[in-house]
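Q: To start, I am sharing the structure in question, which I have written as structure tokens.
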Amino acid sequence: MIVSQPRMSTKRSRIWRYLRGLAAPALLWGLFVAVLVQLLPSWLRGDEAYDEKAIREWIEEARIFRESLPEMVREYLQAVDQARSNDPGKDLTKDPTLQLKVDHIAEHLLALGNPPTKMYPGQLPLFPIIYRLEVAFEPSERLPPIYWDSGVPRNPSQYRELLDQRLDPRAIVSVQYQVHAYNKRQRQEQAARERLRWVTLLAIAGTVLAIAWMNLVQRRERERDRQRVQAQHQLDQAQHLQEEAERKLLGQRLATQAAEQQALELKSQLYASIGIMAGSYAHNIKNLLVRPNDLLRRCLEANGVSPEQENMLHEVRQTLGTVTERLQQILRTVRRDPSRPERTRIDLNNLIRDLDHTWRELAREKWKLILTLDLAPEPLHIEGDWSHLQQAVENLLFNARDATYEMRGYLRDSARQNTALSSEERRQALIAAASWKGEVSLRSWREGNQVVIEVRDNGIGMTEDVRRRCTETHFTTKRDNALYQGQNTGMGLGLSFVVVILQNHGAALEIESEPHRGTLFRARFPAQTV
């Protein structure tokens with residue numbers, strides 16, 4: 001079978017990774033064996049330490065009676081403390097209770113001094129020769145030692161003495177002993193068996209460790225392969241998600257373009273509606289002006305007209321001419337595309353003063369409206385179209401006028417429908433509603449690099465839903481409501497026209513309103529730098 005070169009290279013790379021993975025456990029195993037070689041002899045050497053440890057355990061754990069030696073010493077010291085607390089000056093050596101405990105400790109020492117063969121778990125038999133056992137107390141205790149002595153001569157070659165075995169913080173036991181070593185052969189054989197057992201265990205442990213490490217390396221390689229496959233799957237999935245996101249983005253762009261197209265169509269409808277409305281108004285006004293102009297001509301041509309009457313007729317003709325001129329200006333403004341204004345340097349204060357001059361007298365006499373101005377002392381120059389801005393501010397003024405008229409009707413209807421009032425009180429309320437005056441204030445000021453104008457009224461106000469929708473094209477609350485001088489329809493174009501004009505001048509319309517609390521329209525324009 002012919003094996004391709006890339007496959008052979010992959011196999012060699014995998015073998016090399018296995019070898020590198022096994023290098024670490026092999027090195028660790030060598031270090032472990034070296035440490036054991038150094039420690040094993042010291043583990044198997046330790047006769048003296050073994051003997052001393054056995055004696056210590058024997059002293060602490062042997063129970064000739066019900067208690068071990070440390071427990072008996074602690075009970076004795078507790079009894080001493082109790083006797084001293086009851087009678088500080090008492091001679092403790094004559095206390096029968098304490099003497100009884102001393103006798104018990106002495107008997108315990110005697111029993112320990114003549115022990116039988118002791119067998120402890122996991123240890124060899126122990127045959128000690130005990131020369132002396134003594135329990136000594138700290139000097140501050142002022143207690144005589146308790147001891148047992150065998151009287152047997154000491155063998156200096158095998159003599160041992162253990163002096164640091166504390167039974168209590170205040171008591172220490174000293175043991176003079178000799179251990180028989182006749183079982184040395186058995187212990188050597190046991191040491192050999194222990195060495196063989198350790199070598200066997202180490203071999204088994206090394207084998208298990210090597211097998212476990214090989215399994216770990218093989219599992220790691222399989223995990224790497226699985227991760228590579230998973231990564232490739234995730235990459236494919238990510239590409240699929242990216243393509244799906246691109247399709248969604250394209251759909252959103254198409255939807256945005258459709259929305260923009262719809263907005264453009266709405267603007268076109270707005271301009272067309274405004275043009276139709278303006279043409280209709282122009283046609284009606286021209287028809288209405290034909291008859292007054294004809295009557296004026298006849299009056300001026302008639303005989304017997306006094307000079308004063310003639311002057312009045314000329315003033316009327318001049319007023320009608322002003323109306324015609326104003327009508328033509330309005331038509332030119334409305335029919336021109338608001339997105340293409342004729343920009344010039346404009347002082348907003350002058351624009352507001354011109355509106356006040358035009359509408360103040362009519363507002364006071366006809367609309368029952370108090371019109372006030374609060375203008376900035378310095379000129380507020382912006383770049384814009386005078387005619388467009390004039391129409392926008394006039395629309396805000398007309399909205400304020402209609403709102404005050406609605407408020408007056410609301411007060412009148414509330415007075416009529418209030419059944420809690422007497423007839424006289426209802427009549428007074430109706431009189432107050434009829435005499436109620438609407439108020440509209442026009443303000444302007446400079447705020448940083450912006451110029452701000454406000455139109456505030458005390459009219460009927462708007463609910464939150466109406467406030468949010470009032471600038472939508474063809475949205476109106478005036479339709480089928482008698483508002484002003486017999487008008488009974490609203491086309492919903494005024495505020496939307498204002499928004500378009502302000503947007504084309506870099507401004508935005510802010511609206512604050514509450515039902516029966518009036519409305520505030522605020523527009524912020526970028527100030528023109530000198």
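The values are calculated or read from the model by the stated rules, or taken from the named source; none is laboratory data. Being a predicted model, the structure only gives us computed values, none of them experimental. Ideal geometry is used to build each Cβ from the backbone, glycine not excepted, and the neighbour counts take in all protein chains shown.
Q: For segment 348-379, which positions are within 18 Å of residue 456 (Cα to Cα) and either of a type in the set (Phe, Trp, Tyr) or not in a helix (DSSP H, G or I) (or both)?
A: If the condition is that a residue be within 18 Å of residue 456 (Cα to Cα) and either of a type in the set (Phe, Trp, Tyr) or not in a helix (DSSP H, G or I) (or both), then 359, 367, 368, 369, 370, 371, 372, 373, 374, 375, 376 are the ones that fit.
Residues are listed down the side, and each one gets a yes or a no for (1) at pLDDT 85 or above; (2) touching a Lys or Arg at 6+ places or on another chain (Cβ under 6 Å); (3) hydrophobic (A, V, I, L, M, F, W, C); (4) under 28 Å from residue 12 (Cβ atoms):
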| position | (1), (2), (3), (4) |
| --- | --- |
| 212 | no, no, yes, yes |
| 227 | yes, no, no, yes |
| 237 | yes, no, no, no |
| 246 | yes, no, no, no |
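Q: Kindly establish whether residue 430 is over 27 Å from residue 356 (Cα atoms) and not in a helix (DSSP H, G or I).
A: no
Q: If you go through segment 301-326, how many residues are under 30 Å from residue 495 (Cβ atoms) and either at pLDDT 70 or above or part of a loop (DSSP other than H, G, I, E, B) (or both)?
A: Kept after step one, since they are under 30 Å from residue 495 (Cβ atoms), are these residues of segment 301-326: 322-326.
Still in the list and also either at pLDDT 70 or above or part of a loop (DSSP other than H, G, I, E, B) (or both): 322-325.
Of the residues in that region, 4 qualify.
Q: Oh, and also: When the residues of segment 511-530 are narrowed to those that are farther than 22 Å from residue 461 by Cβ and part of a loop (DSSP other than H, G, I, E, B), which ends up nearest to the chain's Cα centre (by Cα)?
A: Among those residues, the one meeting the criterion is 527.
Q: Can you work out which of the residues in segment 76-101 that are in contact with a helix residue (DSSP H, G or I) (Cβ under 7 Å, 6 or more places away or on another chain) and surrounded by 14 or more Cβ atoms within 10 Å (Cβ to Cβ) is nearest to residue 140 (Cα to Cα)?
A: Across segment 76-101, the extreme among qualifying residues is 80.
Q: Here's something else I'd like to know. Just give me the residues in segment 165-194 being part of a loop (DSSP other than H, G, I, E, B) and either at pLDDT below 75 or not charged (D, E, K, R) (or both), in sequence order. Lay out the reasoning, then the answer.
A: Here is the first cut: in segment 165-194, the residues part of a loop (DSSP other than H, G, I, E, B) are 169-170, 180-183.
Residues satisfying the conditions are 169, 180, 181, 182, 183.
Q: Hey, another quick one. Can you confirm whether segment 405-416 contains a residue that is in the same structural domain as residue 475 (by TED's automatic domain parsing), out of contact with any Ser or Thr (no Cβ under 7 Å at 6 or more places or on another chain), among the polar types (S, T, N, Q) and farther than 20 Å from residue 360 by Cα?
A: Checked against the condition, which is being in the same structural domain as residue 475 (by TED's automatic domain parsing), out of contact with any Ser or Thr (no Cβ under 7 Å at 6 or more places or on another chain), among the polar types (S, T, N, Q) and farther than 20 Å from residue 360 by Cα, segment 405-416 yields at least one hit.
Q: Can you say whether residue 423 is in the same structural domain as residue 375 (by TED's automatic domain parsing), modelled with pLDDT under 85 and polar (S, T, N, Q), as far as the supplied structure shows?
A: Here the answer is yes, as residue 423 does meet what is asked.
Q: Among the residues of segment 445-455, how many are out of contact with any Pro (no Cβ under 9 Å at 6 or more places or on another chain) and surrounded by fewer than 20 Cβ atoms within 10 Å (Cβ to Cβ)? Before the answer, list the steps.
A: First, the residues of segment 445-455 that are out of contact with any Pro (no Cβ under 9 Å at 6 or more places or on another chain): 445-448, 452-455.
Then keep just the ones that are surrounded by fewer than 20 Cβ atoms within 10 Å (Cβ to Cβ); that gives 445-448, 454.
Adding up the residues that qualify gives 5.
Q: Which one of the conditions (1) farther than 18 Å from residue 524 by Cα; (2) modelled with pLDDT under 85 does residue 437 fail to meet, given that it meets all the rest?
A: (2)
Q: Quick check: anything in segment 191-198 among the basic types (Lys, Arg) and under 30 Å from residue 12 (Cα atoms)?
A: There is no residue in segment 191-198 that is among the basic types (Lys, Arg) and under 30 Å from residue 12 (Cα atoms).
Q: If you don't mind, there's one more thing I want to ask. Go through segment 493-510 and report how many residues are out of contact with any strand residue (DSSP E or B) (no Cβ under 6 Å at 6 or more places or on another chain) and assigned to a helix (DSSP H, G or I).
A: Selection size over segment 493-510: 9.
Q: Residue 258 is checked against (1) surrounded by 10 or more Cβ atoms within 10 Å (Cβ to Cβ); (2) at pLDDT below 75 and fails just one. What number does that condition carry?
A: Tallying (1) surrounded by 10 or more Cβ atoms within 10 Å (Cβ to Cβ); (2) at pLDDT below 75, residue 258 fails exactly one: (2).
Q: Moving on to the next point. Scan 403, 420, 392, 415 and give me the residue that is buried (at least 16 other Cβ atoms within 10 Å of the Cβ) and free of Cβ contacts under 8 Å to residues at least 40 places away in the same chain.
A: None of the others qualify; the one that does is 415.
Q: Follow-up. Name, by its number, the condition in (1) more than 54 Å from the chain's Cα centre (by Cα); (2) closer than 30 Å to residue 348 by Cβ that does not hold for residue 428.
A: Result: residue 428 passes all but (2).
Q: Something else now. Which of the residues belonging to segment 340-395 are out of contact with any strand residue (DSSP E or B) (no Cβ under 6 Å at 6 or more places or on another chain) and among the aliphatic types (A, V, I, L, M)?
A: 351, 355, 362, 389, 392, 393 - these are the residues of segment 340-395 that are out of contact with any strand residue (DSSP E or B) (no Cβ under 6 Å at 6 or more places or on another chain) and among the aliphatic types (A, V, I, L, M).
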